[in-house]
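Every read-out reported here was derived from the displayed coordinates using simple, explicitly stated rules and does not represent laboratory data. Note that the coordinates shown come from a computational prediction; the quantities given were computed from them, not determined experimentally. Glycine also receives a Cβ, built like all others from the backbone with ideal geometry; neighbour counts cover every protein chain displayed.
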Amino acid sequence: MRQYLPVKKFEWPWSRRDNGQNEFSPLIPKSGAAKVEDEELGHVDNEYQTGTPSNQDHNSPTRIQPHYSYSLMDYFLKYFLFLCNLVFTVLGLVVLGLGIWGLSSKESFAQEKIGTIGTDPMLILLTLGFLLTLLCLTGCVGALRENCCLLKMFSVIVLVLITIQVLFAIVAYTVQDQIEGYLRSGMLAAMVGYQDDLDLRFITDEIQLGLQCCGADTYRDWEVNLYYNCSAPGVLACGVPATCCVDPLENGTVWNSQCGVGAQLMDEFTAQSVIFLGGCLGGISRWIKQHEGLIGTVGVVVVGVQILAVFITTRLLENIHRHKAHA
């Protein structure tokens, strides 16, 4: 009867054998996604154990470039240079306009006068105004647009001007006697053209009124003028301009243009009550000696302003280059 009953044999745990392929067995090769997943887990585990990232040997760490920004002082220097150059540009345009107006009002560009335009004092104003406008406009635009080329040009020109001014001051101090001779020649030339050139007349009158002088060395120097020469046929013969008179105003209101008539015929004792006897060269020398401190201060301030402009321009150029390098 036993042989007809289905008896299931019970297997004890220690007697159980697993002859099938188990995917968790380390001796059996894995297949498909399980193999890939195990490799990734093992790779991560190795990184965790070693404490280094997997791409450390392949990719170097990226360095972040620092960003440079302008400081408040940089902006101040930039716009300070811009405003200063703008002011001097306007001043240069005013001087240029005065020069053009002076030449045009005297019709110096006319064909019959174009040959003598080189000796016209207004040409000096025109040239100075043009150069000042061009220089300051270069610095103004260069500072506003941060143009390195214009700023370098501006600083180089200013350095050249500083050098010229310093050399001129040294030369003027060492050759004072020769400068006095040049001034005498210039004064006599202005007296010769006194009646023919309005600019020379204006300059001469202002010097004689301001310094209370007459002529270059003495009031008799006016004999070089064609109209004040004693051989002249006119009423001005042997006379001097009204700006040589001690009191050119009659009753303090009306300008007496005939107050110097016949003054060259008077002796010095009589003439001193009518006109100034001293020449303007002596007056210029006395004025320079009395204002030596002021002249020196003005010269130092002018040169100092130019040096400051060069310093600010150099600082601005450095900031521009630094900003471009970190951009």
>> Tell me whether segment 172-188 contains one or more residues that are more than 35 Å from the chain's Cα centre (by Cα), in a helix (DSSP H, G or I), of a type outside the set (V, I, T) and closer than 17 Å to M122 by Cα.
In response: no
>> Yes or no: segment 208-224 includes at least one residue that is assigned to a strand (DSSP E or B) and over 25 Å from K106 (Cα atoms).
In response: yes
>> Of the conditions (1) touching a Lys or Arg at 6+ places or on another chain (Cβ under 8 Å); (2) aromatic (F, W, Y); (3) more than 25 Å from W287 (Cβ to Cβ), Y194 satisfies every one except a single condition; which number is it?
In response: (3)
> Where in segment 231-327 are the helices (runs of 4 or more DSSP H), entirely inside, with at least 1 residues that are within 30 Å of Y79 (Cβ to Cβ)?
Replying inline: 292-325
>> Could you tell me how many of the residues in segment 200-241 are in contact with a strand residue (DSSP E or B) (Cβ under 9 Å, 6 or more places away or on another chain) and on the phi > 0 side of the Ramachandran plot?
In response: 2
